[in-house]
Amino acid sequence: MNGDGSSIRKLVGYVPQDYSIDELTPFLVSDVVLMGRFGKIGLLKPITKNDKEIAKCMMDYLGISDLSQRPIGKLSGGQAQKVMIARALAKEPEIILMDEPFSNLDFEARKDVSEKLTHFHKNKKMTFVIVIHDIASIPKVCNRVIVMDAGKIVADGKKEDILKPELLEMGYKGIVC
Amino acid sequence: MLELVFTKILLFAIIGAVLTGFTCSLMGTFVVRMNLSSLGFAMSHAAFAGAALGIFLRKDPLIFALLFSTFVSLALGPLADKAKLKTDVVIGVIFSLSMAIGLLFLNMSPDTAMSSTALRILWGSVLGMTTADIMYLLIISVIAIIFVAMFFKEINSILFDRKLARASGINDKPFYYLILFLTSVTVAFSLKLVGGLLVFALMINPTSSVYQFSYDMKKIIIFSPIVGVISCLLGILMSFAFDLPTGSAIAIVCSAIFGFSVLVSPKRRKG
């Protein structure tokens, strides 16, 4: 990617970890998802019907359309996390950075969201960079795993090569079961 | 002839009230949402200190009010960073210093201390609105409307979460400083009607009232100025009816509206 910070950020989606929102926050879910596209739309350019369609499409895809008119502060942790994922996807970025995107999701929701992210990776050629501590949640199509310890990379390679007990033990300091 | 003069004064008062109420409350939506209430407080007192200096120097108080409030709005952030202090500590210092400086300059102006000029910048004066005041208020109102209309999506995104807005590719810093600058100019221009001690109430209360009824930021931005205008007009009516300082009357009205809003707010009903 070439360009300054602002132009690069327009191509990168971001899903924060455990995004806590005040209950009284005066924004609706539909607005929050649509906001994901504002940086890409650009200054002084209007929001088009296509932008709204894309945002709606992402909400439909993640199964949160019924929440569209709900205040963003009135959601459960899992619902809020899906909204943040939908917001990042609505941007149609080249790369999405996700910090513990499955932490507030139950098992079924994790499986469902993981499959949907896989679809985006395969069909929309989106690259996902995911920070994750739960090994079981690593998506099946993940083709590169980097293990870090105290800020340093201790392993970097294919999933099947990296996810070995001895390396994981090093990363998790002997807590691996 | 006297009737014409009185009609002109009344007309200016009404126009001034509408414009002040509109602009203060519009900027108030940003101040409240971005948790800049303390900054707005510091700005209004800095504007008062500036106006007091203007009186002391026998210059136009508005120019100095504008300079002081703008300086506070633009210097606060970098000041807090360099001093490695919490923002509310710096605001607290600026607020108390501004009050002290303002009262000092009023005290040092023996001809004008506690005169009508000095009292006007403290409490406001509905009868003091001039053609120039109306023009300034009209200009800042139009600028604020154009700013919100042109950059609504960026502003909305920043009001939701500044960091996420930046992450999505919006350059939030210029907008943040522009909001601070427009707020400081609004405060300075509003001194004439509401006074330095109470302009803050007109900025915060109408928006806080509308907040009690809506979770939609678009509606809050639209209805806050309406409540602000109503507060100002009712305040002026009260000021005339009971011979009260304009600023106090407006502050009482918009506080009463806020209190009523909290009581009837659907957000506070259980279930």
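The values are calculated or read from the model by the stated rules, or taken from the named source; none is laboratory data. Given the structure is predicted, the values throughout are model-derived calculations rather than measurements. As a convention, Cβ positions derive from the backbone with ideal geometry for all residues, glycine included, and neighbour counts pool all protein chains shown. SASA here: full protein model, heavy atoms, side chains in, ligands and nucleic acids out. Shrake-Rupley method; radii C 1.70, N 1.55, O 1.52, S 1.80 Å.
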*Tail weight of P(r) past 24 Å, computed on alpha-carbon pairs of the stretch A:1-128, percent*: 24 percent
*Hey, could you get me the Stokes-Einstein D for chain B, Kirkwood radius over alpha-carbon pairs, 4 °C and 1.567 mPa s, rounded to whole µm² s⁻¹?*
69 µm²/s
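How much mean residue ellipticity at 222 nm does the protein assembly as shown get from its helices, if each DSSP H run of length 4 or more adds -39500 (n - 2.57) and you divide by all residues, to the nearest 500 deg cm²/dmol? It would help to have the intermediate numbers written out before the result.
Details: 20 runs with 292 residues, N = 448.
It comes out at -21000 deg cm²/dmol, rounded to the nearest 500.
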*Antiparallel content of DSSP bridges confined to chain A, in %, to 5*: 40 percent
_DSSP-loop trypsin sites (Lys or Arg not before Pro) across the stretch A:102-137, with at most 15 other Cβ within 10 angstrom_ = A:Lys124, A:Lys125
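Counting DSSP beta bridges with both partners in the protein assembly as shown, what percentage is antiparallel, nearest 5?
Working: 6 of 15 bridges.
Percentage antiparallel, nearest 5: 40.
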*List the aspartates and glutamates whose alpha-carbon lies under 19 Å from that of A:Lys164, not counting same-chain residues fewer than 8 positions away?*
A:Asp134, A:Asp149, A:Asp156
*In Å and from the alpha-carbon atoms only, list the Rg and Dmax of the stretch B:142-241.*
15.3, 53
*Counting pairs of alpha carbon atoms under 8 Å apart in space and at least six apart in sequence, what relative contact order in percent does chain B give?*
31 percent
*Roughly speaking, what is the centre-to-centre gap between the stretch B:204-248 and the stretch A:23-81 when only Cα atoms are used, to the nearest Å?*
30 Å
*Per residue and in cubic angstrom, what volume does the convex hull of the Cα atoms of the protein assembly as shown have?*
179 Å³
*With a 1.4 Å probe, how much accessible area is buried between chains A and B, both sides summed, in Å² to the nearest hundred?*
2300 Å²
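Quick one: of A:Lys10/B:Lys173; A:Lys10/B:Lys218; A:Lys91/A:Lys122; A:Lys10/A:Lys116; A:Lys10/B:Lys163, which pairs are farther than 19 Å apart, Cα to Cα? If you can, show how the numbers build up before the last one.
Values: A:Lys10/B:Lys173 16 Å; A:Lys10/B:Lys218 24 Å; A:Lys91/A:Lys122 17 Å; A:Lys10/A:Lys116 22 Å; A:Lys10/B:Lys163 14 Å.
Over 19 Å apart, Cα to Cα: A:Lys10/B:Lys218; A:Lys10/A:Lys116.
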